[in-house]
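One structure is given below, encoded as structure tokens.
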Amino acid sequence: MSGDPKQTTEKPKSAPPSGNGAKNGDANEESLLDKTREGVEMLKRDPREGQLWTSVFRHKLDDSPRNRSLAVLSNVFLHLHPAKINRDAVRYSFTWGMGGITFFLFVILTLTGVFLMFYYHPTKGQAFRDILYLRHDVPFGNLLRNMHRWSAHAMVITVWLHMLRVFMTGSYKPPREFNWGVGVLLLVLTMLLSFTGYLLPDDQLGFWAVTVGTNMARATPLLGHEGPFGSQLGMTAFNDIRFALLGGSIVDSNALLRAYIWHCIGIPIVASVFMIVHFWRIRKDGSISGPAPIMLAHEFKGWSK
Ligand code: HEM
């Protein structure tokens, strides 16, 4: 088609808009040509020099140490990671990857938990039926439930292993004592998430676990009616910490509702806030501690054979 001489020499079919015809038509044609030329020039230009590109990427991309640092620092997600890290400190043989895996499991739990909430009602008559419905009728419901349950079991294990690693590498020592403290809170919150989730299926396992667990709360010092100084402070079975946890004096519908609200709203929000503090603090403490630097014999001043 483009080889057809007739077509290339043909004038535009549309008539000029006003009466003073040919002159205006020529001007239009010229400005159209100019615009086309401008467009072609624009296409030839490197898009990385355009305004749009530089509004997104505010630094050059040539592979230099400075540009690599800038790429990390000027990106909202990447900047959560330090621009420079000690290679030995992030080795799996040092960290066991356990903190990262614990966080990954928390993300999976949050996502699968939100989907479970679409099907679950925290009421005595309905809760266990919803579990059966999820297991047998909801498409991928059993997979969803088991992903949540197994990730929860795994998170409890990995958080303990993470704590063990931090202890074994002495990473709780100054300047990281504060972050160790934040970690202890995260450990308690992880256990509480696990405990409150246990009751939600409202099956025998959960019911008796929570019965035993909350019975122990009776013996809390000061706050439990059977605990040290509890009765002196006026604690009874109807106003102590166990009563507050259960919303009553037995494990019943109020306890289910309270467990649900703590499990799905209260504890995840508090845990997320402390995780943000935990991660921020790792950076402020000079990144992950890392193994002690290896000294060669000739670098050690007091060395003598
Ligand atoms: C929800 C629970 C937790 C999450 C998601 C979490 C996450 C992390 C991550 C990703 C790191 C970076 C290094 C690594 O992966 O090992 C880390 C470091 C650290 N965590 Fe945790 N952590 C949790 C609980 C704990 C607990 C229970 C403790 C101790 C009681 C703790 C104390 C520390 C300390 C002291 C560091 C710095 C370690 C170093 O510099 O070598 N964390 N945490």
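The values are calculated or read from the model by the stated rules, or taken from the named source; none is laboratory data. As the structure is a computational prediction, the values presented were derived from the model and not from experiment. As a convention, Cβ positions derive from the backbone with ideal geometry for all residues, glycine included, and neighbour counts pool all protein chains shown. Keep in mind that these areas ignore ligands, DNA and RNA; they rest on the heavy atoms of the full protein, side chains included. Shrake-Rupley method; radii C 1.70, N 1.55, O 1.52, S 1.80 Å.
Quick notes on this one:
- Considering residues of the stretch 94-119 that are more than 9 Å from the ligand (Cβ to nearest atom) and assigned to a loop (DSSP other than H, G, I, E, B) only, the residue surrounded by the fewest Cβ atoms within 10 Å (Cβ to Cβ): F118
- Which listed residue, of I261, I269, I241, I288, is within 16 Å of the ligand (Cβ to nearest atom), modelled with pLDDT of 95 or more and either open to solvent by 40 Å² or more (accessible area, probe 1.4 Å) or outside the structural domain of F104 (by TED's automatic domain parsing) (or both): I269
- Members of the stretch 217-228 that are outside any helix (DSSP H, G or I), surrounded by 17 or more Cβ atoms within 10 Å (Cβ to Cβ) and in contact with a helix residue (DSSP H, G or I) (Cβ under 8 Å, 6 or more places away or on another chain): R218, T220, L223, G224, H225
- One residue alone among R129, R149 is in the same structural domain as I267 (by TED's automatic domain parsing) and within 23 Å of S194 (Cβ to Cβ), and that residue is R149.
- Criterion violated by Q204 - all others in (1) buried (at least 16 other Cβ atoms within 10 Å of the Cβ); (2) over 30 Å from R87 (Cα atoms); (3) not hydrophobic (A, V, I, L, M, F, W, C) satisfied: (1)
- Single condition A89 does not satisfy, out of (1) modelled with pLDDT under 95; (2) in a loop (DSSP other than H, G, I, E, B); (3) open to solvent by 70 Å² or more (accessible area, probe 1.4 Å): (3)
- Counting the residues of the stretch 158-216 that are in a helix (DSSP H, G or I) and within 16 Å of the ligand (Cβ to nearest atom) gives 32.
- Candidates M275, M295: the one that is open to solvent by 80 Å² or more (accessible area, probe 1.4 Å) and either in contact (Cβ under 8 Å) with a residue 12 or more places away in the chain or out of contact with any strand residue (DSSP E or B) (no Cβ under 9 Å at 6 or more places or on another chain) (or both) is M295.
- Of all residues in the stretch 33-85 being closer than 29 Å to I288 by Cα and of a type in the set (G, A, S), the one that is most open to solvent (accessible area, probe 1.4 Å): S74
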